[in-house]
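The values are calculated or read from the model by the stated rules, or taken from the named source; none is laboratory data. In this text the structure is predicted, and so the values were computed from the model without any measurement. Cβ atoms come from the backbone with ideal geometry, glycine included; neighbour counts cover every protein chain shown.
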Amino acid sequence: MSITVRAPAKINLHLGVGAPRDDGFHPLTSVYQAVGVYDDLTVDDADGWSVDVSVSDWMDRSHVPLAGDNIVDRAAALLAAHHGLAISGDVHIDKAIPVAGGMAGGSADAAAALVALDRLWGANTTDDDLLALAAQLGSDVPFALLGGTALGTGRGEVVEPVADAGTWWWVLVPSPIGLSTPEIYRHFDRLFPDAPAVPPVPEALLAALAAGDPYALASALHNDLQAAALDLRPDLQLLIDAGEAAGALRGVVTGSGPTCVFLTESADDARETAAELRAAYDVVLVTTGAVAGAHTVTYV
Ligand code: C5P
């Protein structure tokens, strides 16, 4: 048996961050959107267990964690333990989501692994159990299962779909050099020692989504981690300025960065903005959201 599961990257339309909790994690109020940049994970029947990774041409392979500390190994161990099963399968991950880019690529792989291995092992895990296992693997993993557009609370792992009437066109510019998520959160703590216990829900942004209004959404985009990311990577401000000058309605850092995302008014505008940015930036992607969460694309 061979199963391929495709899982999307996420962007944050809003990321509100509070003061660190006792467990060190930060309370979040996040609005996630799944966009059409995917990692594909294929698992084949095997007696043993192996994981290998290939990456898109433009990506630096050295940034991908090696088997053993890959989040996919942890996903397999968790699912197997949940059912009292042995771990088996040959896994291949084909990565197109920027690594260490703030787009939850590792989380997408974990979500894809849960869905694929559940099938391969005939485990029939319930949706609720799968979401609970996902939450143990990382704050963004439940959203990678859910997809669409969703509000994330807790440390980001409690997700519920929100009304989204738009088809949103995005230009994404990853950076050749990744940023460390824990480092960005630590810098956020230094910059904002008075962050609230629970970040507020962004009502204007939710209204813009429900109305499908790109201008309203553009002005409501917000990321509390952006100041920390720009402090550590001042070059990102130049990128944001360049994208807005090239016609994007608005550009922001996504997640903990360094990927920047630009909302445009239409598919044509996205392509034009991307064409201008390509004069100065090597990797510029055009994509749309919202798209589905982790789902099976091949089953033979
Ligand atoms: O949950 P995940 O493994 O994705 O988190 C990676 C790191 O990001 C955590 O170890 C923590 O340093 C930071 N983080 C945080 N608060 C969150 C999510 C992540 O401080 N809500």
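Remarks
- Candidate set from the range 145-180 (those that are assigned to a loop (DSSP other than H, G, I, E, B) and within 14 Å of the ligand (Cβ to nearest atom)); member that is surrounded by the most Cβ atoms within 10 Å (Cβ to Cβ): G156
- Selection count, the range 9-33, where residues are within 16 Å of the ligand (Cβ to nearest atom) and within 12 Å of D140 (Cα to Cα): 8
- In this structure, D109 qualifies as out of contact with any Cys (no Cβ under 6 Å at 6 or more places or on another chain) and buried (at least 24 other Cβ atoms within 10 Å of the Cβ).
- Scanning the range 270-283 for residues that are surrounded by fewer than 20 Cβ atoms within 10 Å (Cβ to Cβ) and out of contact with any Phe, Trp or Tyr (no Cβ under 6 Å at 6 or more places or on another chain) gives R271, E272, A275, E276, R278, A279, A280, Y281, D282.
- The range 116-128 - residue that is in a helix (DSSP H, G or I) and touching a helix residue (DSSP H, G or I) at 6+ places or on another chain (Cβ under 7 Å) and, of those, nearest to D94 (Cα to Cα): L117
- Index of the failed condition, I97 passing every other in (1) crowded, with 21+ Cβ neighbours inside 10 Å; (2) over 30 Å from A204 (Cα atoms); (3) aliphatic (A, V, I, L, M): (2)
- Looking only at the range 130-144, and only at residues there that are surrounded by fewer than 24 Cβ atoms within 10 Å (Cβ to Cβ), small (G, A, S) and part of a helix (DSSP H, G or I), the one that is farthest from the ligand (Cβ to nearest atom): A132
- First in the range 114-131 and of a type in the set (A, V, I, L, M), second anywhere and modelled with pLDDT under 95, Cβ under 7 Å, 6 or more apart: L120/M1
- Residue match in the range 35-58 (condition: in contact with a Phe, Trp or Tyr (Cβ under 7 Å, 6 or more places away or on another chain) and under 23 Å from G156 (Cα atoms)): yes
- Index of the failed condition, L191 passing every other in (1) farther than 19 Å from T259 by Cα; (2) crowded, with 23+ Cβ neighbours inside 10 Å; (3) over 14 Å from the mean Cα position of the chain (by Cα): (2)
- Residues that are touching a helix residue (DSSP H, G or I) at 6+ places or on another chain (Cβ under 6 Å) and either among the hydrophobic types (A, V, I, L, M, F, W, C) or free of Cβ contacts under 8 Å to residues at least 12 places away in the same chain (or both) within the range 32-49 comprise L41, V43, listed in sequence order.
- So G257, is it within 12 Å of the chain's Cα centre (by Cα) and surrounded by 16 or more Cβ atoms within 10 Å (Cβ to Cβ): yes
- Residues that are part of a loop (DSSP other than H, G, I, E, B) and either of a type outside the set (A, V, I, L, M) or away from the ligand (no atom under 14 Å from the Cβ) (or both), drawn from the range 181-208: F192, P193, D194, P196, P199, P200, V201, P202
- A208 meets the conditions (1) more than 22 Å from D23 (Cα to Cα); (2) surrounded by fewer than 22 Cβ atoms within 10 Å (Cβ to Cβ) in every case but one. The failed one is (2).
- There is no residue in the range 50-68 that is among the hydroxyl-bearing types (S, T, Y), modelled with pLDDT of 95 or more, within 20 Å of the chain's Cα centre (by Cα) and surrounded by fewer than 24 Cβ atoms within 10 Å (Cβ to Cβ).
Yes/no per residue for (1) out of contact with any Phe, Trp or Tyr (no Cβ under 8 Å at 6 or more places or on another chain); (2) at pLDDT 95 or above:
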| position | (1), (2) |
| --- | --- |
| A80 | no, yes |
| P98 | yes, no |
| G101 | yes, no |
| T125 | yes, yes |
| P142 | yes, yes |
| G154 | yes, yes |
| V158 | yes, yes |
| D164 | yes, yes |
